[in-house]
1. Would you please give the residues with an amide H less than 5 Å from that of D285, counting only those at least 5 places away or on a separate chain, with H modeled from the backbone geometry?
2. Where the centroid of each part is defined by its Cα atoms, how far is segment 283-307 from segment 202-224 in Å?
3. Given C-alpha coordinates of segment 74-181, what is the ratio Rg to Rh with the Kirkwood estimate of Rh?
4. Could you work out how much longer the chain between W340 and S270 gets when fully extended? Use 0.36 nm per residue separation minus the Cα distance between them, nm to one decimal.
5. Could you check the simple spin-label distance between S226 and A168, using points 7 Å along Cα→Cβ, in nm with one decimal?
6. Each residue of segment 259-265 in order: what ³J(HN,Hα) in whole Hz does its phi give by Karplus 6.51 cos²θ - 1.76 cosθ + 1.60, θ = phi - 60°, with x for Gly and Pro?
7. Could you run the Karplus curve 6.51 cos²θ - 1.76 cosθ + 1.60 with θ = phi - 60° over segment 318-323 and give me ³J(HN,Hα) per residue in whole Hz, x for Gly and Pro?
8. Given H placed 1.01 Å from N in the peptide plane, which residues other than close sequence neighbours of V104 have an amide H under 5 Å from its amide H?
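What follows is calculated from the coordinates using simple rules that are stated; it is not laboratory data. If you're wondering where the values come from, they're calculated on a predicted model, not measured in any experiment. Backbone-built Cβ (ideal geometry, glycine too); neighbour counts: all protein chains shown.
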Amino acid sequence: MNPSFLLGLYPREWRERYGDEFAALLEDIGMTPGVVVDVLTGAFDAHLRKRASDRTAARAQRALLGGGKLTMGTAQSTSGGVQETNLPGLVRFARGKVRDIYAVGDDQLLIVSTDRVSAFDVVMPNPIPDRGKVLTQLSTFWFRQTGDIVRNHLIADDLASFPESVRAQTDVVAGRSMLVRHTKRIDVECVARGYISGSAWSEYKKQGTACGIALPAGLVESQQLSEPIFTPATKADAGHDETISFERLVEIVGAPLAEKLRKVTLAVYSYAAKVAREKGIIIADTKMEFGLLGEELILIDELLTPDSSRFWDAAVYEPGRTPASFDKQYLRDWLETTSWNKEPPAPELPAEVVANTRERYVEALERLTGKGL
């Protein structure tokens, strides 16, 4: 179907938001009957956001690489960071905002964390060098630390244990890859909050609740809660995740699994928060993902990283203020000072912002694990 057929149905703000690229985005997506329904129901904006973000990242790669094409067995690098990988002999299973995922046989996956970075659900045009290594090495640290609480998907992160087809590509995968079990993902984000901050603080100021959970009066920003709370959210492939009540979680996955998700999430968070505090870092909140291997609950994806958590410097923490952090908040704060409207394309990150963001990620790794890159 010709995209121009339904041009009159698109809201004017979409055409203004995406400018001259609007027609190209439509051609990329294609006007299938399912997409036509999305247009009529107003859901099509999610398609545009995702496609525009993908095009922005691809365009930045081409520009920074001088139009070079991806070669087999390489990682595309920009400004010292790995923007994208391509591994011969392996079938790409998925590509997310940060990770390139490859199928290894029928029951395993190779997760390669690139240095791509996103903020406000948009991929930035330039990467943060070594970010993917920090995410991988912190995740494997915590997977090993919490294995007695819940089984996780990690099989190996050392090259010697990888399949031969992966070992042959050491330069690409070293330090930033995990071989994991392939599970059936539960499409829910499991969030544990030990302090009131971010969207939870915004909600509390208006109505005295955090993600629908009533909290005592008189709390201040960044204050520690009397006990951690569990605030699940639906997992969105495009756009923002949406916080849901525990009752809604029960409707989605059933009462027994919902109870187990809450119990395990809070147990992992409580253990990690204690370990991190001893090393000078406060884990204010974190989100986890789970899958099922048969009937067994498995902790998957990443775990307790600067991407999935708020890491604060305990030395300067003070209730009532926004603490210094070791996560993406620095990048978000810089973006807030620009005129960017939080829609693709994102602005190019200055060298200073890239360097400062990298420094915060690496320091979190060093403090928590006692090891550097």
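1. Excluding prolines and chain starts, which carry no amide H, the hits are G194, R310.
2. After rounding, the separation between the Cα centres reads 25 Å.
3. Values: Rg = 13.6 Å, Rh = 14.2 Å.
Rounded to two decimals, Rg/Rh equals 0.96.
4. Contour length minus Cα-Cα distance gives 21.5 nm.
5. Result: 6.1 nm between the two label points.
6. 4, 5, 4, 5, 4, 5, 4
7. For segment 318-323, the Karplus curve yields 8, x, x, 10, 7, x Hz.
8. L109, L110
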